[in-house]
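Q: Before I ask anything, let me first share the structure, which is written out below as structure tokens.
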Amino acid sequence: MTNSYAHTIEPLDPQKPDHKFFNLKKLKDPRYGKTLPFSIRVLLESAVRNCDGFLVKKEDVEKILNWKVTQSQTVEVPFRPARVILQDFTGVPAVVDFAAMRDAVKKLQGDPEKINPVCPADLVIDHSIQVDFNRKSDSLQKNQDLEFERNRERFEFLKWGSKAFRNMRIIPPGSGIVHQVNLEYLARVVFEQDEYYYPDSLVGTDSHTTMIDGLGVLGWGVGGIEAEAVMLGQPISMVLPEVIGYKLQGTPNKYITSTDIVLTVTKHLRQVGVVGKFVEFFGPGVAQLSIADRATIANMCPEYGATAAFFPVDQISIHYLKQTGRDAEKLSYIEKYLKAVGMFRDYSNTAQDPQFTQVVELDLSTVVPCCSGPKRPQDKVAVSEMKQDFKTCLGAKQGFKGFQVAPERHDVRVSFQFNGAEYSLSHGSVVIAAITSCTNTSNPSVMLGAGLLAQRAVKAGLSVKPYIKTSLSPGSGVVTYYLKESGVMDFLSQLGFEVVGYGCMTCIGNSGPLPEPVVEAITQGDLVAAGVLSGNRNFEGRVHPNTRANYLASPPLVIAYAIAGTVRIDFEKEPLAVNSQGKEVFLRDIWPTREEIQAVERQFVIPAMFKEVYEKVEKVNERWNSLKAPSDKLYAWDPSSTYIKSPPFFDGLTRELQTPKSITDAYVLLDLGDSVTTDHISPAGNIARNSPAARYLTSRGLTPREFNSYGSRRGNDAVMARGTFANIRLLNKFINKQAPCTIYLPTGETMDVFDAAEKYQQAGHPLLILAGKEYGSGSSRDWAAKGPFLLGIKAVLAESYERIHRSNLVGMGVIPLEYLPGDSTESLGLSGRERYTVIIPPQITPRMTVDIKVDSRHFTHHKYKPREACSASEPR
């Protein structure tokens, strides 16, 4: 098809006439250069380049050009990103679905080999290591050995996928965390493909895909369902977003870390309200931030609710590409192209500032050291207030900032024996301290800061108590390289922060078991024990079932709280610890300044490191190289497999589109409150021994040691359906207690959620979920939509949704219904024990109003039994 904007095509370099680009300046439209935010310019370029009159039309280009007006009109536009990035846990289901699609196409007498990614896809295997071994010199090797033992079947399946499907590249396990590998290695910034230059852009199957926005590459997280559609060549249909301009000015205090800045920004933007919007950073303060700092801020984008957090490319971006060993020839055309199309930024030039929907400001000089918690990443707490804040949370009503511990139990202390010595725990005792997650391990300044702090702590005679589970899981091998070269790795090891693997670990719930005496002490005293981690998520039940309080902190602060052994400390007034000579050592005595850290970074974080690590990233893993994988184009499903199973999603697939049907007399499976996360809906951590998933795996001949995690079994729908709503911290109003249970309404029995859903399905009853605000917040987890679909849930009725989860529900045919403004379960007097009929017209459109009939006559005679047959106990 002819492109309506072919007249804008021209060579970037007259010496290379075959290498062309769409020059948006040749649109000769004043709206492009003077008003459009840089992030919207990326959407515009994609629309112009892909304008075929079918999937992308000329009127779509006009809508984007007219952003100043259309941003407030709920206008939908198509967007074709340049690539897709997948990570392990979400990548496996995508490959499973592609394999099942081939089977379905063959049944319909089609050509199965036509099912291939059209859009380039990179899959980084990163989410599979559990911290089973730490504080040992061979922890890394032992964890990686165990990883392969547990996950060989999945790895063989992925290796088959890399051969069977075109346009799919797989980065082997042990290489690092997907977002850090993307930042340091995979990001192109500008694509050169099919003799055309165009901006790098992407969608990824993890909500923290936004980390790449820090490098000036527009990207955000989508569900696996949307990602699969993009891989098949379909554009994303998106509402043209409002763009919040976030102006940075001032200079950070010399003791401030980028983590402190990002936690401050997270709380600020949560208060502003940026859900469903782009945030674009500008102002002179941006030049004070390295790309690693910007990427840290962009990484936390899901925590403040925005779709993207964009830092346009500037000279610091180009310097970062040089620092990370990118090819010199590519660097030359990246800068040249971006300047030619008006996408290169000079943050000191106010004439370049575009128009924004709204502008908010942050003076970096006002940022103070801080953490976030104890249950949500947006709940920032200044370090100076941590002791008092935890005390307040301890006695406050159960909630995001409360544990409801009786006042007389606030000072409970439980003694225990560990390795022949006696210790004690109390509320606030730190039992997990983890330097983990792409959010911070990608940032040399905070990682070297942690190393320098460890060096000074060891030299001051300080140590970490041996029962505290400490770990260091870098986002790539480059981190280990510069920590060793700068001489700080040995000091980290002496404090217990050994490298345990490369990938997402504690942050995703792969903390591994705590020492049994520690667990017994916590259980005996019903203690609110604490985890401190340099991650991005600290929702209830995510980090570890035995740490009810979890705080996000910079890597140096993780070490500080590990040494202190408690979060109930005021570092300004109390010593960090007393060394063996009886000397009090305060945190301020050993804390490195930004200038000291930057000096070490300039000396030791060099291009040669990145080149050496990434030149061999796809072939260095010998175990991966030796894996045998079938070469057939159709996958030979193994009926005995408990990891890989052909999903039922394509059963009954027809060539004709089916019309939607009304939902008649649905029961409510769960009555939930606000901020139900995808971790509540579809856990990623350990499989509890008394859960429905555990019973299923046991019936297949597995022992608890072989259960692995929910995340590792996302290729098996039978496990994942049983794991849906299996989080021990799920609070269902039907039973008014945290447990993965519900009431089977026809009889009044209390049982596991899966068991109740199975009984409803056997009886032919459709199901509904009632929920409050921000339903589905957290990770972009497609199983949080696939699981409910398999349980027979036809619709969710909530006050509001997280964007990605809402689109995932739509993709699975689960209708995301939203109360009219001002309405809620409580205001309408709904108990959840009614029957619901949702009337769906033949032609449905987004945001249309539908009628729901409620019948409350069925349950007036029931006496509900207390919870008795439910797997609510915590796994150890």
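Q: So, for the range 411-608, what is the accessible surface per residue at a probe of 1.4 Å, expressed in square angstrom?
A: Roughly 30 Å² per residue, with all protein chains present.
Q: Determine the per residue accessible area of the range 82-239 with all protein chains present and a 1.4 angstrom probe, expressed in square angstrom.
A: About 27 Å² of surface per residue is accessible.
Q: Hydropathy at least 0.0 by Kyte-Doolittle, axial extent at least 27 angstrom from the Cα trace: which helices of the chain, defined as entire DSSP H runs, fit?
A: 88-107
Q: If you don't mind, there's one more thing I want to ask. Ignoring ligands and nucleic acids, what accessible area does residue 422 show with a 1.4 Å probe (Å², nearest 10)?
A: In the full protein context, residue 422 sits at about 120 Å².
Q: Quick one: how many Å² of residue 649 are accessible to a 1.4 Å probe, rounded to 10?
A: The accessible area of residue 649 comes to roughly 50 Å².
Q: With respect to the cross-link table entries 737/794; 57/330; 25/57; 397/773; 401/469; 247/267, which display a Cα-Cα separation exceeding 22 Å?
A: Result: 737/794; 57/330; 401/469 exceed 22 Å.
Q: Candidates (1) 47.4; (2) 45.0; (3) 35.6; which is the computed mean projected area of the Cα convex hull in nm²?
A: Looking at mean projected area of the Cα convex hull in nm² for this model, the match is (3).
Q: OK, next. Rounded to a whole number, what % of the accessible area of the range 5-65 do carbon and sulfur atoms account for, probe 1.4 Å?
A: 54
The values are calculated or read from the model by the stated rules, or taken from the named source; none is laboratory data. Fair warning: this is a prediction, and the values are worked out from it, not measured in the lab. Only protein heavy atoms, including side chains, enter the accessible area calculation; ligands, DNA and RNA are left aside. Shrake-Rupley method; radii C 1.70, N 1.55, O 1.52, S 1.80 Å.
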